[in-house]
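Enquirer: Can you keep this structure in mind? I'll have questions shortly.
We did not get these values from a lab; they are worked out from the coordinates using the rules stated. Everything numeric in this text was worked out from a predicted model, so none of it was measured. For neighbour counting, all protein chains shown are included, and Cβ atoms are generated from backbone atoms with ideal geometry for every residue, glycine included.
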Amino acid sequence: VEPALAILGRGVVDVTAPAIRADDLGVQRGDGVFETARVHDGHVFKLGLHLRRLCRSATALALDAPTDDAWRALVAQAVAAGGTNGDGLVKLVCTRGPSTAGPVTAFALAMPMPPEAVRAREHGVDVVTLTLGVTATARTAAAPWLLGGAKTLSYAVNMASLRAAEAQGAQDAIWLAAGGEVLEGPTATVCWVSDGTLHTPPTASGILEGTTLAVVEHLAAPLTFSVTAGTYDDLVNAAELMLVSSVRGVAGVRHIDGKPVGDGRLGEHTTRLRDAFEDAVAGRRAVPGVE
Ligand SMILES: Cc1ncc(COP(=O)(O)O)c(C=O)c1O
């Protein structure tokens, strides 16, 4: 299926129609913000959580982004116009537009589920660790220009990290801070299981606050949930390790830097959380909190 596109101020347009000017600062400089949310049977999963983070990202960039109501209308238009083939995703994109004075360019793009996301969920992934070069304390309110926690369109480093992983025969990566602390994946939050606890790194390290993680936290029991400043050793010694994000859901990690995680197969908590998350997406299971 073809993606379906709805543009702020224009409504639904053919996806092949011109949507972005060549002088748009989103194109020229990656100056903008985005979200990617899961769509199932026309329902956008936890759109409210995505809008909340989008709003925080826009504030970090001093971007005059559309209101939640405007986004909801745009997203509904794109999803109603097709594009997802039942199970898919919707991207919300807002750039600074053709000038620093606005208006912003904003659109919603509904797309089918990428096959590699399904593969990651069903079979797991092998990852390598890569340094991000920053310290775990660099991206704080004292240095707001580093845009810690903001989901910006500047994803060239994220994509280069995935290519570096692929060059080493892996499918994904986990970034470590300059001091070796665990950060996140280029497109996912990291979680690991040890001693009956589900651990994830603190957002104070500048990583994104994951919407999938918020849902996984609700589904964690019987595991205790803990925000833990983990190290490389914690990952290598974990009983289970996962990458979680909106589109892939919960993907188990089989090998890290060539070493098996546990016995190298998807663990019991990984598969349980994966299936529980898919149930939540499909509306078979309620998860409290922002919708
Ligand atoms: C860098 C990064 N961290 C974490 C995530 C996970 O966020 P979410 O669970 O809201 O999709 C993403 C999402 O794509 C991401 O790009």
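Enquirer: Ala150: touching a strand residue (DSSP E or B) at 6+ places or on another chain (Cβ under 9 Å) and either more than 16 Å from the ligand (Cβ to nearest atom) or not in a loop (DSSP other than H, G, I, E, B) (or both), yes or no?
Expert: Spelling it out, it is not the case that Ala150 is touching a strand residue (DSSP E or B) at 6+ places or on another chain (Cβ under 9 Å) and either more than 16 Å from the ligand (Cβ to nearest atom) or not in a loop (DSSP other than H, G, I, E, B) (or both).
Enquirer: If a residue has to be under 20 Å from the mean Cα position of the chain (by Cα) and either surrounded by fewer than 17 Cβ atoms within 10 Å (Cβ to Cβ) or of a type in the set (Phe, Trp, Tyr) (or both) to count, how many in region 187-213 make the cut?
Expert: 4
Enquirer: Here's a follow-up. Sort out which residues of region 16-51 are within 16 Å of the ligand (Cβ to nearest atom) and more than 18 Å from Val247 (Cα to Cα), and write them in order of number.
Expert: Of everything in region 16-51, those that are within 16 Å of the ligand (Cβ to nearest atom) and more than 18 Å from Val247 (Cα to Cα) turn out to be Gly30, Gly32.
Enquirer: Could you tell me whether region 19-28 includes any residue that is of a type in the set (A, V, I, L, M), out of contact with any helix residue (DSSP H, G or I) (no Cβ under 9 Å at 6 or more places or on another chain), part of a helix (DSSP H, G or I) and in contact (Cβ under 8 Å) with a residue 40 or more places away in the chain?
Expert: The answer is yes, given that some residue of region 19-28 is of a type in the set (A, V, I, L, M), out of contact with any helix residue (DSSP H, G or I) (no Cβ under 9 Å at 6 or more places or on another chain), part of a helix (DSSP H, G or I) and in contact (Cβ under 8 Å) with a residue 40 or more places away in the chain.
Enquirer: Considering only region 264-291, how many residues are in contact with a His (Cβ under 9 Å, 6 or more places away or on another chain) and surrounded by fewer than 16 Cβ atoms within 10 Å (Cβ to Cβ)?
Expert: 5
Enquirer: Moving on. Restricting to region 153-172, and then to whatever is within 15 Å of the ligand (Cβ to nearest atom) and over 14 Å from Gly185 (Cβ atoms), can you tell me which residue is surrounded by the most Cβ atoms within 10 Å (Cβ to Cβ)?
Expert: Leu153
Enquirer: Kindly indicate the residue of region 105-131 that is among the β-branched types (Val, Ile, Thr) and surrounded by fewer than 22 Cβ atoms within 10 Å (Cβ to Cβ) and also nearest to Gly252 (Cα to Cα) among those meeting that condition.
Expert: Across region 105-131, the extreme among qualifying residues is Val118.
Enquirer: Among the residues of region 130-143, how many are more than 18 Å from Thr200 (Cα to Cα) and over 21 Å from the mean Cα position of the chain (by Cα)?
Expert: Residues in region 130-143 being more than 18 Å from Thr200 (Cα to Cα) and over 21 Å from the mean Cα position of the chain (by Cα): 4 in total.
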